[in-house]
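Have a look at the structure below, then the notes.
The values are calculated or read from the model by the stated rules, or taken from the named source; none is laboratory data. Keep in mind the model is a prediction, meaning the values are calculated, not measured. Reconstructed Cβ throughout: ideal geometry from the backbone, glycine too, with neighbour counts over all protein chains shown. Surface areas here come from the heavy atoms of the whole protein model, side chains and all, with no ligands, DNA or RNA. Shrake-Rupley method; radii C 1.70, N 1.55, O 1.52, S 1.80 Å.
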Amino acid sequence: MDLCHVPATREKGWYLALMAPNIKGPNYAWLDPSRLYCHPQGLQDCVADLLQPFQGDPIDMVAGIDAMGFILGAAAAAVLQKGFLAIRKAGHLCVQTLAQPYTDYSGREKVMEVRTDAISPGLRILLVDQWVETGGTMRAAIELVERLGGVVAGVAAICIEDSAGGRWIRGRYKCSHCVPPRLQPRFDHHQFGWD
């Protein structure tokens, strides 16, 4: 799809066709959504779809997960007129932090951290990431927020896969994603194509 083309009818998820499949092998995610962010209307519609379920909900801050969650998270914070908190991979913050180990979608053990002075007890935080595949990364972010006394107001991602981790998150938190129900099985099985 052309980066300037906007379809006459824009159903939820129309912008998913802007994403590109992995052509570099197993060390990369199966799909690259970053092209979606280059499309002005696609990005706006994606963020609007992510935020729609939270209309009227009390949200005090948006937190994005390192690194691609920063793009959608900052865009969501701007639309909501709220602050943005970056949840980082360990070793990038030069202030006091709280750390949480986790296993990412590729099975690698990692650690993420958040500054301790940004979340006060009762602060309602919308957590945003690009994708929830196994749920390990998002679950670590949830644990950081809750350990600091914050409240997870919701979880938003382009896709929340129907994995054990995705189901755990959906069963406990209000969630939003952009994949229409008819396409969800394809995303769960990492099959590219929307026809």
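Odds and ends about this structure:
- Test result for Ile125, assigned to a loop (DSSP other than H, G, I, E, B), buried (at least 17 other Cβ atoms within 10 Å of the Cβ) and on the phi < 0 side of the Ramachandran plot: no
- Search result, residues across region 91-140 that are touching an Asp or Glu at 6+ places or on another chain (Cβ under 9 Å) and of a type in the set (Lys, Arg): Lys110, Arg124
Conditions tested, residue by residue: (1) charged (D, E, K, R); (2) surrounded by fewer than 16 Cβ atoms within 10 Å (Cβ to Cβ); (3) modelled with pLDDT under 95; (4) in contact with a strand residue (DSSP E or B) (Cβ under 6 Å, 6 or more places away or on another chain).
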position	(1), (2), (3), (4)
Thr97	no, no, no, yes
Gln100	no, no, no, yes
Asp117	yes, yes, no, no
Arg139	yes, no, no, no
Cys159	no, no, no, yes
Gly165	no, no, no, no
Arg170	yes, no, no, no
Cys178	no, no, no, no
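- Residue identified as in a loop (DSSP other than H, G, I, E, B) and farther than 23 Å from Gln52 by Cβ among Ala99, Ala118: Ala118
- Among the residues of region 32-44, the ones that are in contact (Cβ under 8 Å) with a residue 24 or more places away in the chain and not in a helix (DSSP H, G or I) come to 1 in all.
- Residue within region 45-63 that is open to solvent by 50 Å² or more (accessible area, probe 1.4 Å), among the acidic types (Asp, Glu), assigned to a strand (DSSP E or B) and touching a residue at least 12 places away in the same chain (Cβ under 8 Å) present: no
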